[in-house]
Amino acid sequence: MLPRSFCSLFLSQAGLVWRIEIIVSYFLLSTLKRHFGNLRLDRIMQVGDKVKDFTLLDQYGKPFTLSENLDGGYLVLFFYPAAMTKGCTAESCHFRDLGAEFKEVGAKRVGISADPVAKQLQFSSTNAFDYPLLADIDGQVASDFGVKRRFGPIPVKRHTFVISPSMEIELILASELNMGLHADKSLAYLRSKVAK
């Protein structure tokens, strides 16, 4: 058994270390706030959440408003990190290739990234996309959905949201590496809804 004096010394030193850790943590957070403004950790939207309406320019420079594009059907909104990159091209082309199947279930496909309108047009023209690509240049919509990255070279997380006609999230898919998963699982979900 350890002597009482040793335990008291240990506890007092542990208490001191604990207090120092709190002070250092507070100092670091204060410094980060001063340099980066009010930091907030965006919450990724959850199934059942109501989507905030938004308007962004598509690849042709035309305004696209979410609520005006639901017209009684579902909308599959997929966030991709960067136009003209290998992974994003594979994902977006898979959505293109399944166009007839999405039409059968009455769903629209919409891609979105932080790329400017001109880059979205290049991406769309190069790959013959038959759906809108939205330019979320300031990342506000990505932030609202909770998929905007705060640090690093990749501006958004690769996520797909299936949005109901009442503007509620019904399905969320997240995969950075499986490019086919987003279109395949969205379509499978929508087919199951139609079959009911």
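The values are calculated or read from the model by the stated rules, or taken from the named source; none is laboratory data. Predicted model only: the values in this text are computed from it and were never measured. In this analysis, Cβ positions are derived from the backbone assuming ideal geometry, glycine residues included, and neighbour counts consider all displayed protein chains.
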Quiz item: Inside segment 97-132, can you point out the residues that are in contact with a helix residue (DSSP H, G or I) (Cβ under 6 Å, 6 or more places away or on another chain) and acidic (Asp, Glu)?
Solution: Glu101, Asp130
Practice problem: Please specify each residue of segment 130-179 satisfying the condition of being closer than 16 Å to Val51 by Cβ and of a type in the set (Asp, Glu). | Solution: Asp136, Asp144, Glu168, Glu170
Exercise. State all residues of segment 148-166 that are modelled with pLDDT of 95 or more and aliphatic (A, V, I, L, M); if no residue qualifies, say none.
Key: Val162, Ile163
Quiz prompt | Conditions (1) over 19 Å from Gln46 (Cβ atoms); (2) touching an Asp or Glu at 6+ places or on another chain (Cβ under 9 Å); (3) not in a loop (DSSP other than H, G, I, E, B); number of the one not met by Phe95 | solution = (2)
Quiz prompt | segment 47-84, residues that are among the β-branched types (Val, Ile, Thr), more than 16 Å from Val162 (Cβ to Cβ) and surrounded by 16 or more Cβ atoms within 10 Å (Cβ to Cβ) | solution = none
Practice problem: Please name all residue pairs, on different chains or six or more residues apart, with Cβ atoms under 7 Å, provided the first residue is in segment 183-196 and is in a helix (DSSP H, G or I) and the second residue is of a type in the set (Phe, Trp, Tyr). | Solution: Ala183/Phe95; Leu187/Phe102; Leu190/Tyr74
Practice problem: Take the residues in segment 81-92 that are in contact (Cβ under 8 Å) with a residue 60 or more places away in the chain, assigned to a helix (DSSP H, G or I) and small (Gly, Ala, Ser), then tell me which one is nearest to Lys196 (Cα to Cα). | Solution: Ala90
